[in-house]
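First the structure, in the form of structure tokens, and then the observations on it.
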Amino acid sequence: MPKLHVNIDHVATLRQARREPFPDPIEWALRAEKAGALGITAHLRTDRRHIQEADIRELKRRITTRFNFEMSLAPEIVAIALRTKPHAVCLVPENRAEVTTEGGLDVVREYARLLAVVPRLLKMGAEVSLFIDPESRQVEAAAEVGAEFVELHTGSYSRATGVTKRRELARLTQAAVLAHELGLRVNAGHGLDYENVVPIAALPHVEELNIGFAIVARSVFTGVDEAVGTMARLIGSKRRRR
């Protein structure tokens, strides 16, 4: 069964709307851990629209599970990752005009930069994942540049309906199987919610699901404990005894 990693970016989005010290995404993350999250994910964007560098430092210092740092290939962000030494990093594309990440990293196009950056991140001891669309050429390139994981972009699946949704699920299945055959470990995420997550949790070889917005949005009404706990139960994610 996959482990639930909770993305806390949009707790910080709410905070940054008024530039107040609250709601504190770190405290929210600690509550999420107690409610069943087995890891915390945060994306430090170059425009700092939600998570801030201070949040990254505090997450590494205070969370008790695992910290997954989503990041672009921008040199300043790479430098922050190397200073912070998160447990895992996930390299993602970044476009300042987008509302949220709108597709996978083009590993083929970014091949040369990834060949330079991935070894540096591995050397500091982090697990390195590439957030990619479920396409064979992207999976193959991810293996070639030395990544340990791919995180399959589930956005197209999440937006689709009917026959198209089944087709997208088949694409994700094929990509997960290919990644495993190439020696890559597999995660998945983006756009997942309480209605569409169960088939993704059942994908072959998937170890972690990264879910953020749906959980944060639900927590506005039900609280973080219920929102995280319900998602953890849906995907069968269980905290291991320490």
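Across region 177-199, the number of residues qualifying as surrounded by fewer than 24 Cβ atoms within 10 Å (Cβ to Cβ) and of a type outside the set (Ser, Thr, Tyr) comes to 15.
For region 30-97, which fully contained strands (runs of 3 or more DSSP E) count at least 3 residues that are surrounded by 19 or more Cβ atoms within 10 Å (Cβ to Cβ) and touching a His at 6+ places or on another chain (Cβ under 9 Å)?
Working: elements: 39-43, 67-71, 88-91.
Qualifying strands (runs of 3 or more DSSP E): 39-43, 67-71.
Scanning region 127-158 for residues being crowded, with 19+ Cβ neighbours inside 10 Å and touching a strand residue (DSSP E or B) at 6+ places or on another chain (Cβ under 7 Å) gives a total of 17. Picking from residues in region 212-236 that are among the β-branched types (Val, Ile, Thr) and either out of contact with any helix residue (DSSP H, G or I) (no Cβ under 6 Å at 6 or more places or on another chain) or farther than 22 Å from CYS90 by Cα (or both), the one that is surrounded by the fewest Cβ atoms within 10 Å (Cβ to Cβ) is VAL220.
Within region 33-59, the set of residues being more than 22 Å from GLY236 (Cα to Cα) and more than 16 Å from the chain's Cα centre (by Cα) comprises THR46, ASP47, ARG48, ARG49, GLN52, GLU53, ALA54, ASP55, ARG57, GLU58.
Laboratory data are not the source of any read-out in this text; all were calculated from the coordinates shown. What you are looking at is a predicted structure, and each value in this text was computed from that prediction instead of being measured. Ideal geometry is used to build each Cβ from the backbone, glycine not excepted, and the neighbour counts take in all protein chains shown.
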